[in-house]
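Q: There's a structure below that I have some questions on.
The values are calculated or read from the model by the stated rules, or taken from the named source; none is laboratory data. Values in this document were obtained by computation on a predicted structure and should not be read as measured data. So basically every Cβ, Gly included, is an ideal-geometry build from the backbone, and we count neighbours across all protein chains shown.
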Amino acid sequence: MKQQSLLDVLGRMGTGIDPRTSWVGYLCASGAALAIGITLLNPSASQDLAFFERLIFWFVHSALAIVILETVQILLGRFRVAATLPPLLLVLAGGVIGALVFAMLSLFVLEQVLRFSASDLGGDDATLGEFFNEFRSSGGQVVLFWVLLNAPRLLMLSQQQNDGQETVQPRTDGPAEADKGKVDPDLVELLARIPVNLGRDIVALSAELHYLRVYTTQGNTLILMSFSRAVSAVRIIPGMVVHRSHWVALKHVESLQGQGAGLVCKLVTGLSVPVSRANRAALRAAMTERGIKNAERGARDLAVGAAGPTDERRAG
């Protein structure tokens, strides 16, 4: 029994750091492993520090690098030019820009803090020449680190492309686009990245940092696209953002269910999406207006923020 329980715990831990399912968990685990590895190697930059100080030093550097690289990649994905770049080239571009920012912060902020903490107040201020030296010494390593981190998902994207060479072409019969006589280029990009076997009936969109999970009635796929651009692309579909990282198509909403102190939006495919408190009233109004199945019960759950099973029993 204990062995089975341990296997379950290990299985959940594995899922939590698997890049195919949890990008945030994977980044955290990779950053921690990198920091511990560098601490044990004890490079010259931290040789004067005690073990615990070295560990903190490299944890801060690893966390800072990942946060900077991820932020740069997300911001880069919001520009339409990102649609013209292959995924690998886009990640490389994010790595180079991120490496520049990391070198700047590492030299002008982190090292100055270390000097101050070491009471080395007589040290010279960092110069532009030192910045270029810092970038030259660490830039390539940061870019390589970022590409290797993204490698599992880049391989997934490549496999998806190979599995479905055909692409789904958008129609121009949406109300907003029909009037313009053209299709939104963001919508063209979004639909072109969905494997043909998954169809075009989009159920939900979920942000996984700079990646996007697209759910259709036939399954789900991962693409390299920012959440904000994707939400803008599907504006011709009646839907709404129900959480900072989730958008749903209203026609596919089945009900709202209580989950602890919060609420989740249950979709016809069985997918459950969290609903933020700020979006509850708007979702309640949208569900009622469209006459969605179980809308009355869902609206009641939204109003009281309580679990749904009690209401179901009363309704029965």
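Q: Inspect segment 65-73 for any residue being modelled with pLDDT under 85, closer than 26 Å to L222 by Cβ and of a type outside the set (G, A, S) and give the result as yes or no.
A: no
Q: Still on this structure, please answer the following. Quick one: count up the residues across segment 194-219 that are under 18 Å from the mean Cα position of the chain (by Cα) and free of Cβ contacts under 8 Å to residues at least 60 places away in the same chain.
A: 7
Q: Would you please name the residue that is nearest to the chain's Cα centre (by Cα), looking only at residues in segment 1-28 that are more than 15 Å from A151 (Cβ to Cβ), in a helix (DSSP H, G or I) and at pLDDT 85 or above?
A: Filtering first and then ranking leaves V24.
Q: Does A303 meet the test of being assigned to a helix (DSSP H, G or I), at pLDDT below 90 and touching a Pro at 6+ places or on another chain (Cβ under 9 Å)? Spell out how you get there, then give the answer.
A: On the way: assigned to a helix (DSSP H, G or I): yes; at pLDDT below 90: yes; touching a Pro at 6+ places or on another chain (Cβ under 9 Å): no.
Answer is no for this residue.
Q: Return the pairs, sorted by first residue and then second, in which the second residue is part of a loop (DSSP other than H, G, I, E, B) and among the small types (G, A, S), the first residue lies in segment 220-232 and is within 12 Å of L75 (Cα to Cα), the beta carbons are less than 8 Å apart, and the residues are 6+ apart or on different chains.
A: F227/S245
Q: Looking at segment 205-238 only, could you name the residues that are of a type in the set (S, T, Y), closer than 25 Å to T71 by Cβ and out of contact with any Asp or Glu (no Cβ under 8 Å at 6 or more places or on another chain)?
A: Result: S206, Y211, T221, S226, S228.
Q: Looking at L34, L55, L90 in this structure, which one is under 20 Å from the mean Cα position of the chain (by Cα), outside the structural domain of I223 (by TED's automatic domain parsing), in a helix (DSSP H, G or I) and at pLDDT 85 or above? Steps first, please.
A: Details: L34 fails: under 20 Å from the mean Cα position of the chain (by Cα); L55 fails: under 20 Å from the mean Cα position of the chain (by Cα).
From the options L34, L55, L90, the qualifying one is L90.
Q: Within segment 106-126, does at least one residue satisfy the condition of being buried (at least 17 other Cβ atoms within 10 Å of the Cβ) and either at pLDDT 85 or above or of a type in the set (S, T, N, Q) (or both)?
A: Yes, the conditions are met somewhere in segment 106-126.
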